[in-house]
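Undergrad: First the structure, then my questions, so here it is.
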Amino acid sequence: MRGNRLKTRNVRLCRLKRKVSTFKNSKLQKEQFRVLVGILSSIKTKEAFFSFLGILLTQSEKAVISQRLDILRLAHKGFKYSQIQERFNTTANTIARAVASYENSSQKDRDNFNQIIAGFKYSDFENNRKRNDRFNLPTGSTRQFLREERMLAQKKKSDL
């Protein structure tokens, strides 16, 4: 009897998740996005920005956004999919989705994006990357790195 109740509850939860993930109210989504953009544009310091995004985003969301930014930056520089795949240990589908998102946006949005990317100095990132390459350290994907960090932290806790 108890197993049937749990099964029914799990089915209801799955349906609820599906409804939330497929819910499309474009007017509400646009308004929520406008609010987010307004808040982000009002943040004055880098420290406040880090704090805000640290609370707002999960580690996985930070990893996905960061990886997408790097994929678009390298694609814009003319790197081939295979080079990007090797560099970030990601799939061609991930790269294609990022590039499609860029290509499906308006010309004005692409111009703004290009201007922002061109104005940012990636020297620290590139220097760290070159240092890792020089010492033959594996870089892998950001998600893989975060997963390994969590596993090490859990192992340390269990050893104590």
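The values are calculated or read from the model by the stated rules, or taken from the named source; none is laboratory data. These numbers come from a predicted model, not from an experiment. Heads up, the Cβs are rebuilt from the backbone with ideal geometry, glycines too, and the neighbour counts pull from every protein chain shown.
Here is a yes/no grid of residues against (1) modelled with pLDDT of 90 or more; (2) farther than 21 Å from residue 118 by Cβ; (3) in the same structural domain as residue 100 (by TED's automatic domain parsing); (4) not β-branched (Val, Ile, Thr):
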site	(1), (2), (3), (4)
7	no, yes, no, yes
14	no, yes, no, yes
17	no, yes, no, yes
43	yes, yes, no, no
77	no, no, yes, yes
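Matching residues to (1) within 28 Å of residue 150 (Cα to Cα); (2) not assigned by TED's automatic domain parsing to the domain that holds residue 150:
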site	(1), (2)
31	no, yes
49	yes, yes
62	yes, no
84	yes, no
93	yes, no
96	no, no
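Undergrad: Could you check, for the stretch 105-113, whether at least one of its residues is at pLDDT 70 or above, within 19 Å of residue 62 (Cα to Cα) and not hydroxyl-bearing (Ser, Thr, Tyr)?
TA: Checked against the condition, which is being at pLDDT 70 or above, within 19 Å of residue 62 (Cα to Cα) and not hydroxyl-bearing (Ser, Thr, Tyr), the stretch 105-113 yields at least one hit.
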